[in-house]
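The values are calculated or read from the model by the stated rules, or taken from the named source; none is laboratory data. Because the structure is predicted, anything quoted here is derived from the model rather than measured. Note that we place each Cβ from the backbone using ideal geometry, even for glycine, and neighbour counts take in every protein chain shown. For the accessible areas, the whole protein counts, side chains as well, though only heavy atoms, and no ligand, DNA or RNA atoms are used. Shrake-Rupley method; radii C 1.70, N 1.55, O 1.52, S 1.80 Å.
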Amino acid sequence: MGQLRSDFFLRRRGRKEREGKGLAAFLWSFLFCFLLVIVLHFLLVLYQVFLSVAVSFSLSSFSVVGFSGSRSPSPASLAAVGVALSRVSSSAAVLVGCAAGVDQAVRQSCPRAVVFSAAQFGSGRGSFAARSVAFVRSLASSGGCLVSFPSGACPGLVQPSARPAACFCGGGSGSWASAALAVGLGVPVLLFAAAVPAWGFVSLGRGWWLYLPAVVQPSLL
């Protein structure tokens, strides 16, 4: 009888010891995962801060900055326009088109902006494409940067090229066509959009994307 009682207590103590070890292992695992999440969140915040500083530096370092975008921008895009304008150097030349939407917001916020008007290039739909080509070429010749705010996805027909006809090919989006020509001519492009085509853009977070030609990366990063 005494032996049975002794065996019972030994088994009971062993079970409690195993339960205690299991609880300790669970608590250590939980603590490790909790600390890992905190560390990863901290690193993500540092990464986003670094990218924000890089974007600010890249825009403020340009002496010429061009703005392009949708005629019907979302509230988020209009807010992003204000953010981008605040990063532009006060001594920089600002170029913009004559359309409504993003163009109009830039013209109102930056009275000194140089306006490219379609009326200077004839009439009809072709005048707007000609205006945009002259606008992008001006950025390319002056070592400027394009800041673009397109709405919707990039049409599949639109691809980067140094030939205007390849970009303004009837895809239905002048903003994406201008961005494609800028990439084709080696102009740095800062773009605000939900998604971008595979043209070499790098995500900066919060809807911002950056394209830097290889020839300018060492001087900006």
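Results for (1) in contact with a Ser or Thr (Cβ under 9 Å, 6 or more places away or on another chain); (2) within 20 Å of SER77 (Cβ to Cβ), shown as yes or no for each residue.
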{"site": "SER89", "(1), (2)": "yes, no"}
{"site": "PRO111", "(1), (2)": "no, no"}
{"site": "VAL114", "(1), (2)": "yes, no"}
{"site": "GLN120", "(1), (2)": "yes, no"}
{"site": "PHE135", "(1), (2)": "yes, yes"}
{"site": "ARG163", "(1), (2)": "no, no"}
{"site": "GLY174", "(1), (2)": "yes, yes"}
{"site": "PRO188", "(1), (2)": "yes, yes"}
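Cβ-Cβ distances below 8 Å connect the following pairs, each with a first residue in the stretch 121-134 that is free of Cβ contacts under 8 Å to residues at least 60 places away in the same chain and basic (Lys, Arg), a second residue that is assigned to a helix (DSSP H, G or I) and open to solvent by less than 40 Å² (accessible area, probe 1.4 Å), and a separation of six or more residues or different chains: ARG131/ALA118. Counting only strands (runs of 3 or more DSSP E) that sit completely within the stretch 124-221, those holding 1 or more residues that are surrounded by fewer than 16 Cβ atoms within 10 Å (Cβ to Cβ) and hydrophobic (A, V, I, L, M, F, W, C) correspond to 202-205. Filtered by the rule that a residue be closer than 23 Å to GLY143 by Cα and in contact with a Leu (Cβ under 7 Å, 6 or more places away or on another chain), the stretch 187-207 gives VAL187, PRO188, VAL189, LEU190, PHE201, VAL202, LEU204. Checked against (1) over 20 Å from the mean Cα position of the chain (by Cα); (2) assigned to a loop (DSSP other than H, G, I, E, B); (3) surrounded by fewer than 19 Cβ atoms within 10 Å (Cβ to Cβ), ALA99 passes all but a single condition, namely (3).
Beta carbons closer than 9 Å, at least 6 apart along the sequence or on distinct chains, pair a first residue in the stretch 108-119 that is open to solvent by 40 Å² or more (accessible area, probe 1.4 Å) with a second that is in a helix (DSSP H, G or I) for SER109/VAL81; SER109/GLY82; SER109/LEU85; VAL114/SER138; VAL115/ASP103; VAL115/ARG107; ALA119/SER127; ALA119/ARG131.
Let's see how each residue does on (1) among the acidic types (Asp, Glu); (2) modelled with pLDDT under 70; (3) surrounded by fewer than 15 Cβ atoms within 10 Å (Cβ to Cβ); (4) closer than 17 Å to SER151 by Cβ:
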position: VAL39; (1), (2), (3), (4): no, yes, yes, no
position: LEU43; (1), (2), (3), (4): no, yes, yes, no
position: VAL64; (1), (2), (3), (4): no, no, no, no
position: ALA84; (1), (2), (3), (4): no, no, no, yes
position: VAL94; (1), (2), (3), (4): no, no, no, no
